[in-house]
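Encoded as structure tokens, the structure appears first; notes follow it.
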Amino acid sequence: RASCTPYEYRRRFDLSLADFEVEETPGPNADGVFEFGETLRAVRFCVQNTGGMPTPTYQRARLGIQSGSFVRPVRGECLFTARHSPIQPGAMAGVDGLLRFQVGFPDTNRSHDFAPIIVPLTVRPEAFQLGWETETTFGFDAPFQRRFDNFNLAKDIVARFPLQNTQGLAGLRSLAAGESSELHFQVENISTLPLGDGTRRRARVLFTSAKDASPHADKLRLRVRGAGRTGDDLEEADEVNLLDGHSLELGAVAPESVGGVKAQLHLRPDVPPYAIVQLRAVLYLEDLAAPGSWRCVQRRALPVRCEPAFAPGPATQAILVTSTSTDHQVYNAWQTTLARFGFATATLSVTRYGHLDPSKPLTCRDDVTSGRELGEFFEGRLIVVLDDEFAFAAPAEGGAACTGCDLPTSWSLGITLPTAVRRLPGTWLCKLPAKTMSDRGAWSTCLAQFRTCPRGSNS
């Protein structure tokens, strides 16, 4: 009979994870980005016996990857420590093999306009002590399995798409009916492989006019030339109706470089003043797992407000000052009211032209008004300011963008608007919130007094 030597230990064995690494699966699509939908792998596992006795000679430990919202282990894959190689207390041992997992996809229908999706995620391996294994009950099917609670080393990684748009849709948000604006959708390739036309993975941008956001969606057009990579001096024949959408292929974008698509955005001449239409863009990238199919990467939106051009003529008697807080209903109500009192009225949008300082010139693309001081157009006329707060974006110190709210009359720059108007002969200022339309006495009195006042007087 074989003799046995008894051993006594104060603590049992225990396994902890000393180290491992997460990497892309080698191949033609390995681009340095842990991409949504990509299958990654955990490799080079090193375990340590932190207990007080050797691990059992004939019992193995099973290693796997814990499932998470974005970490989806390949079904049935696991690793095992070696039999007949007990790990001594305090010693480390490598575990051969790899564990694969797929990065889940984010919700790209979250909204119509969102920044690049970046998801921090944690890869957590786990290990189980297995009991006695037989030819029919082993591995996942071993009858005894105990989790190692100290097997808790994890790796944090960041999942994202290799293409991203950080600047939004670059184009004018205020256009007069019949006007056009250059449109640029910038795309950044953050990977180490070229992407786009002529590469392993194509990309495209789908432009649509949002039918659910405006009843005037059919008034928005896109002008493209040829393949659609420029929008300069485009002919009417190149105009595209966006109700059904129009795709522009993204040209090849070099690794860690910037590309994009350009076009021209056009408002039809029959868009009513202060109607809002919304342009939407969807960035698509060819699917990793299914070449020829498309995966949505990002969505962007650009609201475009139809604000009338400032075009006063010799017969103009009143100027209606508006902003982005003015809507179609309020604009029509004031125009109707001024017309009822016999005023020929021009509209000046402070958010389109940038200020209300009579001593400053208007800088815009309107041939009639560009370069002339605003006071020239104010003198001798009734100025009706719809003085409601409006949201604006302006550059802050250091070039960062800031957003705030302001009143149109606060955009008179050098001096207050009432003070400036008093210096202009025959000019009356009527400063009223748009809601004052319900107070007929206030604005009726103002308009009637202007009608009967002597020429050259001020108020």
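The values are calculated or read from the model by the stated rules, or taken from the named source; none is laboratory data. Owing to the predicted nature of the structure, the values given are computational and were not obtained by experimental measurement. A quick note on method: Cβ atoms are made from the backbone with ideal geometry, for glycine too, and the neighbour counts reach across all protein chains shown. Ligands, DNA and RNA are stripped out before the accessible areas are found, and what is left, the full protein with its side chains, is counted by its heavy atoms. Shrake-Rupley method; radii C 1.70, N 1.55, O 1.52, S 1.80 Å.
Quick notes on this structure:
- Per residue, the convex hull around the alpha carbon atoms of the stretch 184-331 comes to 150 Å³.
- Protection proxy ranking, highest mean first, for peptides 21-30, 373-382: 373-382, 21-30, where packing is the per-residue count of other beta-carbon atoms within 10 Å, averaged.
- Here F34 sits with roughly 50 square angstrom of accessible surface, probe radius 1.4 Å.
- Per-selection Kirkwood Rh - the stretch 100-179 (Cα, Å, 1 d.p.): 18.1 Å
- Convex hull (Cα only) mean projected area of the stretch 249-294, reported in nm² to one decimal: 5.4 nm²
- Straight-line cross-link partners of K360 among the aspartates and glutamates, defined as a Cα under 13 Å from its Cα and at least 8 positions apart when in the same chain: E373, E376.
- Distant-in-sequence amide H partners of F80 (H built 1.01 Å from N, under 5 Å): L63
- Toward the positive end of the charge dipole of the stretch 264-383, with +1 on the Cβ of Lys and Arg and -1 on the Cβ of Asp and Glu, the farthest Cα among P358, Q317, A289 is that of A289.
- Hull-based mean projected area of the stretch 1-65, where the convex hull spans the alpha carbons, in square nanometres: 7.3 nm²
- Other residues with beta-carbon under 13 Å from the beta-carbon of I117 carry, at +1 per Lys or Arg and -1 per Asp or Glu, a net charge of +2.
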